[in-house]
1. Which value, in Å³ per residue, describes the convex hull spanned by the Cα atoms of the chain?
2. What fraction, in whole percent, of alpha-carbon pairs in the range 1-60 exceed 12 Å separation?
3. With a length cut of 20 Å (Cα positions projected on each helix's long axis) and a Kyte-Doolittle mean of at least -0.5, go through the chain and give me the DSSP H helices that pass.
4. Placing unit charges on C-beta atoms (Lys and Arg positive, Asp and Glu negative, everything else neutral), compute the dipole magnitude of the chain about its Cα centre in debye, rounded to 20.
5. For each of LYS27, LYS43, LYS33, count neighbouring Cβ atoms within 10 Å of the residue's Cβ, then give the residues from fewest to most.
6. LEU89 to GLN42: FRET efficiency via 1/(1 + (r/R0)^6), r the Cβ-Cβ distance, R0 35 Å, to the nearest 0.05?
Amino acid sequence: MIKVDIRNGFDVGCFHYEVLSGSEVDKELSEDKQYGICNNIQKQVSITSEFGVDQILHAFTHEIIEAVNYVYCNKEIKHGDIIRISEGLSQVLKSLGIRFTLDGEESK
Ligand SMILES: [Zn+2]
């Protein structure tokens, strides 16, 4: 299994997106009933750390596609398609043994 630490963020186009996590973020996300949020104005992705590796993989993959849609696709990909693309892509990543971590270690 390949564990990719996402805490240092990622680049899309000429932008760097920060990844936010931790108890404050978990609280905000659970209030919104979300696992992740992509703020394309602030270039920040918030990811829940409450639900383990599969949820982090799924949520982070989704938010990456949100960022790519904003930077490269002029927001033309409809949200339903973002959901379907990220569903498929996270399945591919999972089958390749790739997991995203927020603590440098494999989560629960
Ligand atoms: Zn979304």
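1. Working: hull volume 10.7 nm³, N = 108.
For the chain, the hull spanned by Cα atoms encloses 99 Å³ per residue.
2. Values: 1174 of 1770 pairs.
Tail fraction, whole percent: 66.
3. Working: long enough: 52-72 (29 Å, 0.41); 79-95 (24 Å, 0.00).
What comes out of the filter, once short or polar helices are dropped, is 52-72, 79-95.
4. On the way: 11 positive and 18 negative charges, 63 e Å.
Dipole of the chain, to the nearest 20 debye: 300 debye.
5. Working: LYS27 11, LYS43 17, LYS33 6.
With the fewest neighbours first, LYS27, LYS43, LYS33 line up as LYS33, LYS27, LYS43.
6. Numbers: r = 24 Å, r/R0 = 0.68.
According to the calculation, E is roughly 0.90.
None of the figures in this text is laboratory data; all of them are computed from the coordinates on show. The structure displayed is predicted, hence computed values, not measured ones. Don't worry about glycine lacking a Cβ; one is built from the backbone with ideal geometry, like all the others, and counts go over all protein chains shown.
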